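Please treat every number below as a calculation from the coordinates, not as lab data. Since the model is a prediction, treat every value here as computed from it, not as a measurement. Glycine gets a Cβ as well: all are built from the backbone with ideal geometry, and neighbour counts include every protein chain shown.
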Amino acid sequence: MSMVALRALGVVMDVYKKVVTAPAVSRPNPVRRSGFDLDVLVESVCDEADDVVSLTLIRPGGEPLPSWRPGSHVDLFLPSGRQRQYSLCGSPRDRFRYRIAVRRIADGDGGSREVHTLQPGERLRLRGPRNAFTFVQAAPSYLFVAAGIGITPILPMAHAAGSRGRLVYLGRSRESMPFLDELPEGAQIRTDDEHGIPDIAAILAEAEPGAAVYVCGPSPVLEAAQRRLFELNPSASLHTERFSPLPVLDGREFDVTLARSGRTVRVGAQETTLAAIQRVKPDALYSCRQGFCGTCKSGVLSGEVDHRDRLLSDADRADHMLVCVSRCDGPLVLDL
Ligand code: FES
């Protein structure tokens, strides 16, 4: 993986955000919730690689935690009030501990820097687990491609796949890659400094016919997989996890008015409603920026909303929208 790609990875990995792209034109999997809000304690903080720490979280009274499946994430409420998503990267068999890992992004929005200040004994609020990156249990074989901190959701999957799976783990250097000593047998480690820029198509070409291919990493890696997998292996399925907001597709300009302040702002064709709102309301709440966590849910007072989320029910959509992804065909007035 190139330095440029890894730098891009660094920029986007502060907040844990995800989307699943299943084969070609099928809809993303719905988000499955298996947990609820609960308090947790930071049991331990461990240096895993350059700028990467893992946190082990437990219930304050030692009770079991909600069960989870490989690919699940939790929402963590940081002491500052920030809400961020992180993949569970420990063992689903351990009912008493969750483990997350976070790369520190110096010029990110502050979430990762805050996680890196947390100490054992600190109490945090946690929501979840949720699963938006479903591990398909019945695949005949699996190819996992993880880049950098993208190893976090992939690691439990690769272990669950056992001998049916093959893991290719990409990174800048070994020092930058967490969990090297926890990889399943046969995992391939490819670093820029030892092997040069990875050829994603060549890696994908090694998937067996009908394989489930899981890719987690920065946009260039995901886009290469989306472009090439099906021409190389038409019977494969592709499952990707994204760490950055989705690009706006087919966007048109419209005006959004925030009723409580009376301010109106234009939403550009290439930007999200949330981005425009943040220009006049910098404290607007958000977390995943991909339409699955619900943090940005806003009341709609008027407007024909083009709902693009993965979360809201039809009843919710009658008078609410998720401004991180949804747009409007014409003027929009929000209860903000
Ligand atoms: S920020 Fe998560 S749904 Fe909008």
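General observations
- Inter-centroid distance (Cα atoms) of the range 56-87 relative to the range 310-336, Å: 28
- When each of SER261, SER176, SER326 is scored by the number of other beta-carbon atoms lying within 10 Å, the sequence from fewest to most is SER261, SER176, SER326.
- Fewest-first ordering of LEU232, LEU143 by other beta carbons within 10 Å of each residue's beta carbon gives LEU232, LEU143.
- Efficiency of FRET between ALA315 and ALA205 - r from beta-carbon atoms, R0 51 angstrom, step 0.05: 0.65
- Cβ charges +1 (Lys, Arg) and -1 (Asp, Glu), total dipole of the chain, debye: 660
- Of GLU208, GLU48, the sequence from fewest to most neighbouring Cβ atoms within 10 angstrom is GLU208, GLU48.
- Expressed to the nearest 5 percent, the antiparallel share of DSSP beta bridges inside the chain is 65 percent.
- The distance separating the Cα centre of the range 96-156 from that of the range 213-230 comes to 19 Å.
- Our compactness index for the chain, the C-alpha radius of gyration over the empirical 2.2 N^0.38 Å, is 1.00.
- Taking amide H as placed 1.01 Å from N in the peptide plane, PHE254 has its amide H under 5 Å from the amide H of VAL267, each at least 5 places away in sequence or on another chain.
- Over the chain, DSSP H runs of length four or greater, each weighted -39,500 (n - 2.57), average out per residue to a 222 nm ellipticity of -5000 deg cm²/dmol.
- The label-point distance for SER235 and GLU271, in a model that sets each label 7 Å from Cα toward Cβ, rounds to 4.9 nm.
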